[in-house]
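J.: One structure follows; several queries about it will come next.
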Amino acid sequence: MTMPFYVPPEQLMKDRAEYARKGIARGKSIVAVEFVDGVVLLGENPSGTLQKISEVYDRIAFAGVGKYTEFEQLRVGGIRRADLTGYAYSRRDVTAKSLANAYAQTLGHVFTQEVKPFEVEVMVVEIGFADEQSHIYRVTYDGTLYEETRMSAIGGSAEELLAHLDASYSEGASLPEALGWAKSACSSVTDNGIAGWEGAVLDRTLGRRAFRRLTDEEIAAT
């Protein structure tokens, strides 16, 4: 009988983390920036068919970077969970916090129990009613959950993007201003130019269905 090789738990977790970070770094980052009427999400996406930003529920959006098939699996699971909660209880009971916690549990379980971790990082954004506070949650590959304020970024260039946004951001910005800051931040971390954009807003002035995709013309105009 052959004995399996022994790997210290610390080394195993370190190797898994390094593997996941490399996979995420190969993707294109996404930023979220608050403006006076909601939150704008923007990222580089040269694909015309694969979408990284989408609506989850009435006032909640999802964004993912890394391996598309893996964060798409999380996105679909989140939509199903939101629909079931809204149907069984109330639409007000569907929150970004509950979805982010569910994503954190799933990613944490996969990271510690499965052979290969998910090579993804996800963001869940919710806008409040009227003057209520918006919520931005970021969940990393190992299930760590962060609540961000004003702005957030996911992907391999997240730290550089946040530093760039922090230098530009001011309260009460309009959508064109916030979109301009997001474009400038994304452009600052690439040397080859942006091959294509994908953007969306959660806008409380739109009513219950607050999610709206930005057109190429809107993004180009800023």
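The values are calculated or read from the model by the stated rules, or taken from the named source; none is laboratory data. For clarity, every value in this text was computed on a predicted model and none was experimentally measured. Glycine gets a Cβ as well: all are built from the backbone with ideal geometry, and neighbour counts include every protein chain shown.
J.: Could you tell me which of the residues GLU70, GLU55 is touching a strand residue (DSSP E or B) at 6+ places or on another chain (Cβ under 6 Å) and not in a helix (DSSP H, G or I)? Walk me through it before giving the result.
T.: Details: GLU70 fails: not in a helix (DSSP H, G or I).
The conditions single out GLU55.
J.: Looking at PHE62 and the list (1) in a strand (DSSP E or B); (2) of a type outside the set (A, V, I, L, M); (3) surrounded by fewer than 18 Cβ atoms within 10 Å (Cβ to Cβ), which single condition is not satisfied?
T.: It is condition (3) that PHE62 fails.
J.: Working only within region 132-153, note down all residues that are in a loop (DSSP other than H, G, I, E, B) and under 24 Å from GLY199 (Cα atoms).
T.: GLU132, GLN133, SER134, THR140, TYR141, THR149, ARG150
J.: Do you know which of the residues in region 177-215 that are over 20 Å from the mean Cα position of the chain (by Cα) and not aliphatic (A, V, I, L, M) is nearest to ARG150 (Cα to Cα)?
T.: Residue satisfying both the conditions and the ranking: GLU177.
J.: Can you tell me which of (1) of a type in the set (D, E, K, R); (2) within 13 Å of the chain's Cα centre (by Cα); (3) surrounded by fewer than 21 Cβ atoms within 10 Å (Cβ to Cβ) is the one ARG91 doesn't meet?
T.: (2) is the only condition that ARG91 fails.
J.: Can you name every residue in region 35-55 that is hydroxyl-bearing (Ser, Thr, Tyr) and at pLDDT below 90? Break it down stepwise before answering.
T.: Narrowing region 35-55 to residues hydroxyl-bearing (Ser, Thr, Tyr): 47, 49, 54.
Listed by number, the residues that qualify are SER47, THR49.
J.: Follow-up question, since we're still on this one. Is one or more of the residues making up region 189-212 basic (Lys, Arg) and without any contact (Cβ under 8 Å) to a residue 60 or more places away in the chain? Give the derivation first.
T.: Start the filter on region 189-212 by keeping residues that are basic (Lys, Arg), which leaves 204, 208-209, 212.
The next check asks that each one be without any contact (Cβ under 8 Å) to a residue 60 or more places away in the chain; those that pass are 212.
The answer is yes, given that some residue of region 189-212 is basic (Lys, Arg) and without any contact (Cβ under 8 Å) to a residue 60 or more places away in the chain.
J.: Could you please tell me which pairs satisfy a Cβ distance under 7 Å, a separation of 6+ or placement on different chains, a first residue in region 151-166 that is in contact (Cβ under 8 Å) with a residue 12 or more places away in the chain, and a second residue that is of a type in the set (Lys, Arg)?
T.: If the second residue must be of a type in the set (Lys, Arg), the pairs left are SER152/ARG138; ILE154/ARG138; GLY155/LYS28.
J.: Restricting the search to region 197-214, which residues are out of contact with any Asp or Glu (no Cβ under 7 Å at 6 or more places or on another chain), surrounded by fewer than 19 Cβ atoms within 10 Å (Cβ to Cβ) and closer than 23 Å to GLY155 by Cα?
T.: If we filter region 197-214 for residues that are out of contact with any Asp or Glu (no Cβ under 7 Å at 6 or more places or on another chain), which is where we start, we get 198-202, 206-207, 213-214.
Checking which are surrounded by fewer than 19 Cβ atoms within 10 Å (Cβ to Cβ) leaves us with 206-207, 213.
Selection gives ARG213 alone.
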